[in-house]
Structure formats: C-alpha cells, structure tokens
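Notes to accompany the following structure.
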Amino acid sequence: MPGQIPTGDIHHLRLTVTDLERSREFYTSLLGFGIAAESPPPGDPSAEAVFKILFGGVVMIRGNLLLGLRPMAPSGDRFDPDRVGLDHLSFAVPTRRALDDAARVLDQHGVAHSEIRDLGEAFGICVLIFRDPDNIQLEVSGPRA
C-alpha cells in the first residue's frame, strides 16, 4: 500500500484577481496582511525573471500564511464557487467575540456579510461569510461559545 504525504499547515495560496491594487487594499486594510514581496515596476531589469514567479502580482503575509495575488483575470471576470477549484477560504479567529468584532469591522469598511452562523456541535464553530472584490467567498471562523 502506498504511503501518504505528511502535510502540515497551509504554507501559501495564490488568488487570481482582476484588479491588483483593489485586491491589495482589501487584504491589507481589512485582513491585516503585510507585503512580503512585490513585482518590480515595468522596465526594471529583473521584471521578466520575477514575472515567472509573481505574474505581476504581490505576495502578502500574515502570521505563517503567505497569500499571493495574481492579476491575470480579465476585467469584469467574477469568481464562481460552482466551478472546479476553490469554493471558499476561511480564516480562524480565537473567540466567538472576535466574530462579533469582525462583523463590526466589515460594517466599518462597507463590506456586505452574512449573519454569524452556528454550524452546530459536529463542527464546533460559527462562521461569518463575506466576499472579496472579485467575489471570492471568505469566512472568519471561530469557536461556538
């Protein structure tokens, strides 16, 4: 019988976006990501080599998670969770109160969101759902009580 790959936590993920600056502002101002690496400006001698890694985008960091933004989607394209690929991305918070705080922050930023939903004993969490500028569903998940 074949073995298994001993995976750990998610190291990084990259999202394809339509507007790099709009998405960058969303993830840095709302979710507190910092910038870890950026594509050089056009005309920079290293731009071509770096493009093969960053695709004209940016890599952000928060804690141990690296989140890349890849501005390769055509303008007007929208995320569809019913196609093969990502359905949603959920960020953990430590307490139920942090979910209430997150809802207030979303309100302050004018970001539409769901009510906080209790997923029941089997899951042991509550979630707050919202969407990024490209319609990618995001959640904040925290303990029930």
Taking every DSSP bridge whose two residues both lie in the chain, the antiparallel percent to the nearest 5 is 70
Stretched out fully, how many nm does the piece from residue 29 to residue 118 gain, at 0.36 nm a residue minus the Cα gap? 29.4 nm
Based on DSSP loop calls and a cut-off of at most 11 other Cβ atoms within 10 Å, the longest stretch of the chain free of exposed GluC sites (Glu not before Pro) is what? 1-114
Explain nothing, just compute: Karplus ³J(HN,Hα) = 6.51 cos²θ - 1.76 cosθ + 1.60, θ = phi - 60°, for every residue of the stretch 70-77 in order, whole Hz, x for Gly and Pro. 10, x, 10, 7, x, 3, x, 5
Extreme residue, positive dipole direction of the stretch 58-134, given options 64, 110, 129 (C-beta unit charges): 64
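On full extension of the chain, what length is gained from residue 37 through residue 61, given 0.36 nm per residue of separation minus the C-alpha to C-alpha distance?
Numbers: separation 24, 0.36 × 24 = 8.64 nm, distance 0.90 nm.
Here the answer is 7.7 nm.
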Rounded to the nearest 500 deg cm²/dmol, what is the calculated helix-only ellipticity per residue at 222 nm for the chain, with -39500 (n - 2.57) per DSSP H run of length n ≥ 4? -5500 deg cm²/dmol
Accessible area expressed per residue, the chain, with surrounding protein chains retained (probe 1.4 Å, Å²): 64
From the phi angles alone, apply the Karplus equation (6.51, -1.76, 1.60; θ = phi - 60°) to the stretch 83-89 and give each ³J(HN,Hα) in whole Hz, x where the residue is Gly or Pro. 9, 4, x, 5, 9, 6, 10
Of [x] 2, 8, 17, 19, 16, 12, 9, 6, 4, 2, 2, 1, 1, 1, 0, 0; [y] 2, 7, 8, 11, 12, 13, 12, 11, 8, 6, 5, 3, 1, 1, 0; [z] 2, 9, 16, 18, 19, 15, 10, 6, 3, 2, 0, 0, which one was derived for P(r) over Cα pairs in 5 Å bins from 0, in percent from the structure shown? [z]
Leaving out ligands, DNA and RNA, and with a 1.4 Å probe, what % of the accessible surface on the chain is carbon or sulfur? 54
Among 76, 57, 34, which one shows the highest mean-square fluctuation when the chain is modelled as a Gaussian network with alpha-carbon springs under 10 Å? 76
Separation between the residue 97 and residue 14 pseudo-spin-labels, each 7 Å from Cα along Cα→Cβ, expressed in nm? 4.0
Give me the extension gain from residue 86 to residue 49: residue separation times 0.36 nm, minus the current Cα-Cα distance, reported in nm with one decimal. 10.5 nm
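The values are calculated or read from the model by the stated rules, or taken from the named source; none is laboratory data. A quick note: this is a predicted structure, and the numbers were derived from the prediction, not measured. Don't worry about glycine lacking a Cβ; one is built from the backbone with ideal geometry, like all the others, and counts go over all protein chains shown. Quick note on the areas: whole protein, heavy atoms, side chains included, nothing else; ligands and nucleic acids left out. Shrake-Rupley method; radii C 1.70, N 1.55, O 1.52, S 1.80 Å.
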